[in-house]
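Structure first, commentary second.
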Amino acid sequence: MIGESGPTISRCSRAGCLHSAQWNVNWRNPRIHGLDRVKVWLACDEHVDYLREYLGARSFPVIVSDLSQSVEVVPDGAGL
Ligand SMILES: [Zn+2]
């Protein structure tokens with residue numbers, strides 16, 4: 001049916017990945033983002049660990065949450 005809007009599918013943020021996302025990867029770069037800033041990547045089951053480790057390797061605090069669950073603050077040291 002034309003014009004019918006189905007459920008929105010959120011796609012994984014990993015480059016080239018076409019899977020739908022299952023997770024929010026909430027993170028912050030403490031050098032440029034204040035505590036009130038939260039960046040969010042979307043991740044599928046396959047890439048959630050990849051993205052978490054990618055950020056952790058840069059010493060960025062990161063919190064992985066369910067796709068439906070938003071995170072207000074990513075405190076320093078989260079996920080490390
Ligand atoms: Zn993926």
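Derivation of every value follows stated rules applied to the coordinates shown; laboratory data play no part. In this text, all values refer to a predicted model and were calculated from it rather than measured experimentally. When we count neighbours, we look across all protein chains shown, and the Cβ atoms used for this are built from the backbone with ideal geometry, even at glycine.
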*If S59 passes every condition in (1) surrounded by 20 or more Cβ atoms within 10 Å (Cβ to Cβ); (2) over 15 Å from the mean Cα position of the chain (by Cα) but one, which one does it miss?*
(1)
_Flag for S68 being surrounded by 11 or more Cβ atoms within 10 Å (Cβ to Cβ) and not β-branched (V, I, T)_ = no
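Residue-wise test of (1) in contact (Cβ under 8 Å) with a residue 40 or more places away in the chain; (2) more than 13 Å from the ligand (Cβ to nearest atom).
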site	(1), (2)
A15	no, no
R37	no, yes
L42	no, no
D45	no, no
L55	no, yes
S70	yes, yes
*Verdict on R28 being surrounded by 17 or more Cβ atoms within 10 Å (Cβ to Cβ) and of a type in the set (D, E, K, R)*: yes
